[in-house]
Structures are given as structure tokens and as C-alpha cells.
Amino acid sequence: MLTQLARWRVPLGFLSFVVAFWLVTPTTASVLAGAAVAFVGQALRVWAAGHIEKGAEVTRSGPYRLMRHPLYVGSGIMAIGFGIAAASMGTAILIL
């Protein structure tokens, strides 16, 4: 069961993306608030990417000294920003 689900995770992600956009009901205020939150997530991702040294030891500088997976955390914050910008409970549920 989990193997089958793992094979479908990318197509299901694209389908969820389409459904999320179909459900959005943005307002100017929600877009501005969501963009501000998403910006924080993107800033974290940029900061984290600047500290990665592939093929070297485990990174322990920058955001990696504060959390184990700052790239994933940044992506999660960006998703929350999209949910705020969408101003839709259905989209927020899909994001969760």
C-alpha cells in the first residue's frame, strides 16, 4: 500500500496543486499577508542553501545549527504563506 502511494506522490502533488488553485478566493489583504509569510520561508531557504557543502561533512553552520532541515521548514512556511494568500479553507486543508 505505501509503495503504491509512494509511486503516486508526484502526480497526486500536481493534482493537489491544480485543485488548490481552483479553490482560491484571494483578496488584496490575503495576498499581501501570504506574500510576507512566503518571503520569510524563501529567505530561510536561501540562507540554508548558502551553507550547504555537498560531498563534505554534515553542515552545522547557519540555519543548520538551529534545525535539522531548514530547506523543508522554509518550504513549509512558503506553503503556509500560499494558504494565507489563497484565503480558502479548502486550499488550507490541502496544504496541511
Accessible surface, per residue, of the chain when the full set of protein chains is kept, probe 1.4 Å, Å²: 75 Å²
Between 0 and 90 degrees, rounded to the nearest ten: what's the tilt of helix 2-23 against the longest Cα principal axis of the chain? 50 degrees
Return the single residue from Gly34, Gly55, Gly13 with maximal mean-square fluctuation; model: Gaussian network over the chain, springs between Cα atoms under 10 Å. Gly55
Under the Karplus relation 6.51 cos²θ - 1.76 cosθ + 1.60, θ = phi - 60°, what is the ordered set of whole-Hz ³J(HN,Hα) values for the range 74-88, x standing for Gly and Pro? x, 5, x, 5, 5, 5, 4, x, 4, x, 5, 5, 5, 6, 9
Rounded Å value of the spacing that divides the Cα centres of the range 1-55 and the range 66-89: 7 Å
Is the chain best put as rounded, prolate or oblate by its Cα gyration tensor, with a ≥ b ≥ c the root eigenvalues, rounded for a/c under 1.5, and otherwise prolate when a/b is larger than b/c, oblate when not? oblate
Theoretical ellipticity at 222 nm over the chain - DSSP helices of four or more residues, -39500 (n - 2.57) apiece, nearest 500: -23500 deg cm²/dmol
Per the 1.4 Å probe, what fraction of the accessible area of the chain, in percent, lies on carbon and sulfur atoms? 71 percent
Which of rounded, prolate or oblate describes the range 57-96 when judged by the alpha-carbon gyration tensor and an a/c cut-off of 1.5? prolate
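The values are calculated or read from the model by the stated rules, or taken from the named source; none is laboratory data. Not measured: the values here are computed from a predicted model. Note: areas computed on protein heavy atoms with side chains; ligands, DNA, RNA excluded. Shrake-Rupley method; radii C 1.70, N 1.55, O 1.52, S 1.80 Å.
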